[in-house]
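To start, the structure under review is shown below, and the notes come after it.
Readers should treat all values here as calculations from the given coordinates under stated rules, not as data from a laboratory. This structure is a prediction, so every number in the text was calculated from the model and none was measured. As a convention, Cβ positions derive from the backbone with ideal geometry for all residues, glycine included, and neighbour counts pool all protein chains shown.
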Amino acid sequence: MSAPVHDSFGCASAAVAALREKLPGHIDVATHGGTFSEAEIKSFALKAPAVRVAALGFDTPVLANSGQIDLPVHMTAAVLTVDTAQSQRDQAANAIATAVALVIANNRLGLENGWPCEDVKGMNEYSATVQNIGLALWQVTWTQRIRLGTDLFEAIGKLTAATVTGPDGTQKLGGQA
């Protein structure tokens, strides 16, 4: 088990680690900041086959019976492929997306404060734009709950404890100057 994560970006990093461990090494797996623009999709053609993992959002925090706070985090893995001598892009994207789903489903992704991933879904994101740039795009989505703490104040403290560089270049910890 890895150290606990306290935000949705930690979930993305854990998913990337799990996917890198299980997927073949020629697949470029990395985190991404969120959804993709057309320009970003085009740039991945040079790195395909590629998987980009991002946190898309979260639902209302849930107070568990134990009094602890759980945060359901919505995640995505975008799978991008191109035609190669070995495979056609549409078949390769489908195969890699299926492999991603198999790795993610019911997996805690090594998070000691994470629940098994659930509601795993794969979607073919075919469009004329994507097809015309020579790519195939699939998306695998899931939800993973993370336990943030035993009470609201502990959870807020963990979420705001990250080091932030202010506009003047000074380091601030948890909003403190």
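Distances between placed amide hydrogens fall under 5 Å for LEU56 paired with HIS74, MET75, THR76, all partners being 5 or more residues away or on another chain. Charge dipole of region 58-130 (Cα centre as origin; +1 on each Lys and Arg Cβ, -1 on each Asp and Glu Cβ, all else neutral): 120 debye, rounded to the nearest 20.
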